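Engineer: Have a look at the structure that comes next, please.
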Amino acid sequence: MVCPYCACLCDDLDVTIEGNRVTGVDNACDLATHKFQTGNRLPGPIRLTGKGWTGIGREEALDFTVEMLLDADRPLIYGWSTTSVEAQSHGIHIAEEIGGVIDATTSVCHGPSILAIQEVGHPGCTLGQVKNRADVVVYWGCNPLEAHPRHLSRYTTYADVRKTESANVADEFLHLKPGGDYAVLGALRAIVRGKTDFIPAHVAGVPKAQFLRIGEICKGAKYGAFFFGVGLTQTAGKYKNIRNAIELVDELNRHTKWTLTPMRGHFNVYGFNEVCTWATGYPYAVDFSRGMAFYNPGETTAVDILARKECDACLVVASDPGAHFPRAAVEHLASIPVVQIDPMVNATTAFCDVQMPAAVTGIDAEGTAYRMDGVPIRAKKILDLGYPTDSAILGEIYRRIRDERKVREVKGT
Amino acid sequence: MTELLLSNACVIDPLNRVNGDVMDIAIRDGWIVESVGNGAEVIDAKGFLTLAGGIDSHTHLCGTKVNFGRYMMPEDMRAGRTIRRGLMHATSGYSVPTTYGNSYRYSAMGYTSILEGAMAPLEARHTHEEFSATPLQDTMANTLFDGNWSVMEAVREKDVKRAAAIVAWTLAAVKGFAIKLTNPGGTEAWGWGKNVTCIRDTVPHFDVTPAEIIETLIRANELLRLPHSVHLHCNNLGAPGNYQCTLGTFDLVPDLNKERQSLYATHVQFHAYGGTSWKDINSKAEPVAYAVNRKPQIVIDMGQMMFGKTTTMTADGPMEFNLYRLHHNKWSNHDVELETGSGIIPVYYSKKSLVNCVMWAIGLELALLVKDPWQCLLATDNPNGAPFVRYPEIIGLLMSRRYRDEELRTIHPGTEKRIVLHTLDRELTWYDIAVMTRAGQAKALGITKIGKGHLGIGGEADIAVYPIRIGETDPSRDYAAVVSAFQRTAWTIKRGRVVTRDGEVVVEGTNRTIWARSRVPEAYDISKDDRFVKTFDRYYTVRMANYPVQDAYIPRSTCIESEAVL
Amino acid sequence: MRVILTAKPRRKPFIPVEAESIIPRHFLQGRDLFIWEGNKKRSLRELFDVMVERTAAAAEEVEVILRGDVSRFKRVGEYMDAGKITIEGDIGMHCGNFMSGGTIEILGNANGWLGREMRGGGILCHGNAGHYAGSGYRGEKFGMKGGTLEILGNAGDFAAEYLTGGDVIIHGNAGDLPGVEMAEGNLLIHGDCSRPCGNMTGGTCTVLGTVHGMLPTFRMTGTVLWEPKKIRLTAFEGDIANRGKGTLQVREFHYDG
């Protein structure tokens, strides 16, 4: 069974089911186990009225959503990282149909990685390459033991922390000053090129001797793998840090074999990037207000649009911006109509007018997910709890929007 | 029951030896039939040139590396955008369009079937998802085996049947169509940052040569009775002097099949270079073409390069890295465990570059020097040589000496010493073009038996009506009209429905995936083989049970079945 | 010809407007122009009071003046090739995109991407400019290729990213990574900035203020006198990490050791 938590997408979980509940999970990390055991799903759609939250029927929820999206001058559809590609695909078509903006959690997470890739490319591989070949592994700006607990054991040859610590690279723990990643990576690039004389004795707190040592280790690897996380994407310079990391790996490839992989967070955020790219040409932050796709992170990204109070309606699917977005962005959500499709009450619920629960992809809905290295795996449905899937709900919304637009075109409205 | 009558069509149908007869084509429920009733919808083709729907036998449209190409090129995306309109989604992209962009543009050019050039089995689901979003063309997937660990072990053990069994299981598991080899052995070497330079080099750790991989798989392919032959991207692509490697590869190929070639060598332009360096590179189209002329067991496609911007993307990881070292453009790489590799890098082919001019000439030379058009098909290895929207210009060049001469006057003056194009008078005919863009592909791919590539009774009603009357056009002189006509059909009909009219899409597509299943005897069911299963479990990062492509990904399909002889 | 466009109050003033049709040349023809408010197509007159004074025979003679709140109006001056646009307050993103001739003067502040991919002409911004002033577009190898972009106030981050020609002059401070990826052209910063010219391959960047976080991959080549104000600057070559041979000359610099 395939785990629907993080982008490791471990597919070797063994799940015990009794009745309609998961009672045991083997081979999973703590994060996954927790996901399988959450109860407390919304029983049905709810709507916020003057009297508070009331349960409503599916029809009313769908009507509200369709009206809201059609009437908006700048609708925003956001989320996507924990649902299937099939659902994401519907979302993209909806955004295109209504002339709105669609964005995913990428924009607050690995968006910078994508921006860097768009400047210098991505020297990557599937995780099995690392597992089967790598003798040097670098984790930069991430904490795999906490965020991707089984990454080390599944995809590298090191089984646990202690063993890793005794490995070459872990001996070289680069402790650098916050914001110094760009300078450090640049210095490493120069060193790999053999240009060392002008580099200062310390860069961002790292002594030159350590640089030279690391340069040798990297050049002497038979196969090196570079993993990085939000520690690198969200620090000053953002995508320029990633770009420097990629260019370091490119430079190393002139000497030996190296690959680079972003440690994507949610289990299907990469899936959104994939389907958004093949359908629109761009991996996230796509603005359809002019009838074709326009992409400009910083301008068409959800956080920025909300912070600038630009949108007048918002549909949230499979994510929780209420919990993760900066205050200025979240405040705006309070002033516009918001619909959320999510099985659980969460921080975003406080800002919603309507919320519709859906099945959870990987538990009671199946669908495609893309692992952090791009390998597509089908998440399974192991329970049936009577919820419609995201895909079904969004497909229905799309159909109704198309029909309604045709009617309005005929009427000239 | 839906009936359609396409009347007054000027048909060229090489598979049925029809060459310019004006006739009516009767269609019922998607198939070409003898006649239809009076209630049938009638489309008057007005004497326009009518061909079977175009078939592209080698194009990169769908899958992991193609999407990498899109993802990393937002500047390519913004260069080719169209607005959402009617049934048409918004599209983006110039050399790597979105799936809808590809589908609409191919359909406007009359293409109704495509063979995706390369699909890594581990990532097949991705290819199939994109197939579904390329709705106006039937799709097939070339499945990569060039770096396959289990296959290479079987090759080393000289066990052709074992190799065949692995191929059979894999193709069925991932709904693939044919065996694709890209730089065989080289992609595995690239997993260590190395490469092979030609067919006699040894692949590190596996102790096999590319020659052995190619020979074993050609024989395995025929034991499996697959519809298409092995489809090969030769070693040493793009390197000056590589024509020797190509000729050596051609010499390996036995003649094992009466109905079609035993080897399809793709984008041969990139493999026909003489000289020793970029300074003295020259065309070796002649010896390569002559080799093809002597070997009916080989079919090639041109791999024509056209000037301008495009994106290169192949499974040939090491070759793409070399391009990065040359041009220092943004470069992506994606090696696939136990299977293959890939690389992507944008390029600009310039008339000021002598090397590029030689490359441009070679593709055309191949098409003009290979005598039999059934043996040299039209393609650009889209988008590597050029985006497929340039095909009409290539047709114009092949049919008109004058057009070629005019182009020759605009390229680097030093080119003539390195090529023979300017000495070639041959002008291909409408019939030749029909062969090179559909009939030849259908035959080479082995899909005539499911009704593709022809317009006779029993054929599938995939039809392209080009707004040109061959009786009124001299392609030698009016090449501009030829180019224009092939850029946009008056009608493209797919399975009996008009899907595009004057470039405008008028229906939601319902394409199908064509895949191949070779039934093997129980003893050769590799999924029960201990060693195969152990290798899988130990080295892959996906479990064998989760590896096959589930039915949900292939909502509509045609499976070409065969009985393996093992 | 003077065309005075006074922005009317809007029901939803924060919905961005795309106004790429506002360039001097378009007013010669006297035809209706359209702009987009979110996903709604509007005529120019729905969002502006339009007053036209005199006539003109060529775009060079047309001046367009924008009054009122156009701080959310994007793409004004896009592909402009002649004439003048004066914005009396703040202007939105992408002002002067792809400009090849003529002049844009902004009396207030400019939002992001001011003068993106400029090829010629001149932009003068009296106030501050947002991020990506004088920059390129995602994924393109080349950014601004020509023309002059002058900012009297401060610029945000990534000013002159991918500079490939022309002049960018910032009188105030620039933010983080100005001149990053630059290949040609001139970037002059009178004030302070941080980490200028990462990955630089060519061109010249002059900082008359203080550089914070000076990148370690630049090789000092000596000192140079900046003539206009006779200021002595330290000169560097780089970015060595990127095989660069650009010139970075700075008055004061601090490494982040």
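Engineer: In nm, to one decimal, how far is the B:Arg512 label point from the A:His175 one, both placed 7 Å along Cα→Cβ?
Structural biologist: My value for the distance between the label points is 6.7 nm.
Engineer: Here is a follow-up. Could you order peptides C:49-58, A:97-106 by the average number of other Cβ atoms within 10 Å of their residues, highest first?
Structural biologist: A:97-106, C:49-58
Engineer: Quick check on the stretch B:52-449: take the gyration tensor over C-alpha atoms, sort the square-rooted eigenvalues as a ≥ b ≥ c, and tell me if it's rounded (a/c under 1.5), prolate or oblate.
Structural biologist: rounded
Engineer: Please work out the FRET efficiency for the pair B:Arg497 and B:Asp21, using the Cβ-Cβ distance as r and a Förster radius of 25 Å; give the result to the nearest 0.05.
Structural biologist: 0.55
Engineer: Could you give the distance between the Cα centres of the stretch B:79-153 and the stretch B:181-234, to the whole Å?
Structural biologist: Going from one Cα centre to the other spans 25 Å.
Engineer: If you rank A:Asp71, B:Asp24 by fewest surrounding Cβ atoms within 10 Å, what's the result?
Structural biologist: Ascending number of Cβ neighbours within 10 Å: A:Asp71, B:Asp24.
Engineer: Hey, another quick one. Nothing charged except the Cβ atoms of Lys and Arg (+1) and of Asp and Glu (-1): what's the magnitude of the dipole of the protein assembly as shown about its Cα centre? Round to the nearest 20 debye.
Structural biologist: For this selection, approximately 1260 debye.
Engineer: How high is the FRET efficiency between A:Ala347 and A:Ile382 when r is their beta carbon distance and R₀ equals 25 Å, given to the nearest 0.05?
Structural biologist: For A:Ala347 and A:Ile382, the calculated efficiency is 0.35.
Engineer: One quarter of the convex hull surface, Cα atoms only: what value does that give for the protein assembly as shown in nm²?
Structural biologist: That works out to 48.0 nm².
Engineer: From the helices alone, meaning DSSP H stretches of at least four residues, give me the mean residue ellipticity at 222 nm for the protein assembly as shown, per-run term -39500 (n - 2.57), in deg cm²/dmol to the nearest 500.
Structural biologist: Here the helix-only value at 222 nm equals -7500 deg cm²/dmol.
Engineer: Output needed: Cys residues of chain B lacking any neighbouring Cys C-beta below 4.7 Å, sorted by number.
Structural biologist: Result for chain B is B:Cys10, B:Cys62, B:Cys234, B:Cys357, B:Cys376, B:Cys559, no neighbouring Cys Cβ within the cutoff.
Engineer: Follow-up question, since we're still on this one. Once label points are set 7 Å from the Cα along Cα→Cβ at both B:Leu87 and A:Ala201, what is their separation, rounded to one decimal in nm?
Structural biologist: 7.5 nm
Engineer: Right, here's the next one. Rank these for me by crowding, A:Arg243, B:Arg28, B:Arg519, going from fewest to most other beta carbons within 10 Å.
Structural biologist: By the 10 Å Cβ count, ascending: B:Arg519, B:Arg28, A:Arg243.
Engineer: Work out the length of the dipole vector of the stretch B:52-449 about its Cα centre, built from +1 on the beta-carbon of each Lys and Arg and -1 on the beta-carbon of each Asp and Glu, and round it to the nearest 20 debye.
Structural biologist: About 820 debye.
Engineer: Hey, got the average number of other protein chain Cβ atoms within 10 angstrom for residues in A:244-251?
Structural biologist: The per-residue average across the peptide is 3.
Engineer: Rounded to the nearest 0.05, what FRET efficiency is calculated for C:Val52 and A:Lys411 with R0 set to 51 Å and r the Cβ-Cβ distance?
Structural biologist: 0.90
Engineer: If you take the charge dipole of the stretch A:111-262 about its Cα centre, with +1 on Lys and Arg Cβ and -1 on Asp and Glu Cβ, which of A:Pro112, A:His151, A:Val206 is farthest toward its positive end?
Structural biologist: About the Cα centre, the residue reaching furthest to the positive side is A:His151.
Engineer: Of the peptides A:271-282, C:85-96, B:247-258, C:201-212, how do they stack up when ordered by the mean number of other Cβ atoms within 10 Å, highest first?
Structural biologist: So the order, starting with the most tightly packed, is A:271-282, C:85-96, C:201-212, B:247-258.
Engineer: Under the rule that an exposed site lies in a DSSP loop and has at most 12 other Cβ atoms within 10 Å, name the longest stretch of chain B with no GluC sites (Glu not before Pro) of that kind, not counting the sites themselves.
Structural biologist: B:260-507
Engineer: Let me ask something else. Along the Cα→Cβ direction, 7 angstrom out, place labels at B:Glu34 and B:Asp425. What is the inter-label distance in nm?
Structural biologist: 4.8 nm
Engineer: Once you have a ≥ b ≥ c as the square roots of the Cα gyration tensor eigenvalues for the stretch A:1-135, tell me rounded if a/c is under 1.5, and otherwise prolate or oblate according to whether a/b is larger than b/c.
Structural biologist: It comes out oblate by the Cα gyration axes.
Engineer: For B:Lys330, B:Lys161, B:Lys371, what ranking results if the residue with the fewest other Cβ atoms within 10 Å of its Cβ goes first?
Structural biologist: The order, fewest Cβ neighbours first, is B:Lys371, B:Lys161, B:Lys330.
Engineer: Label the stretch A:111-262 by shape, choosing from rounded, prolate and oblate, from the square roots a ≥ b ≥ c of the eigenvalues of the Cα gyration tensor; if a/c is under 1.5 it is rounded, and otherwise prolate applies when a/b is larger than b/c, oblate when it is not.
Structural biologist: Rounded.
Engineer: Distance between the C-alpha centers of the stretch B:354-406 and the stretch C:112-147? Whole Å please.
Structural biologist: Distance between centres, Cα-based: 41 Å.
Every number here is computed from the coordinates shown, using simple stated rules; none is lab data. Quantities reported herein were computed from a predicted structural model and do not represent experimental measurements. Please note: Cβ atoms are built from the backbone with ideal geometry, for glycine as well, and neighbour counts cover all protein chains shown.
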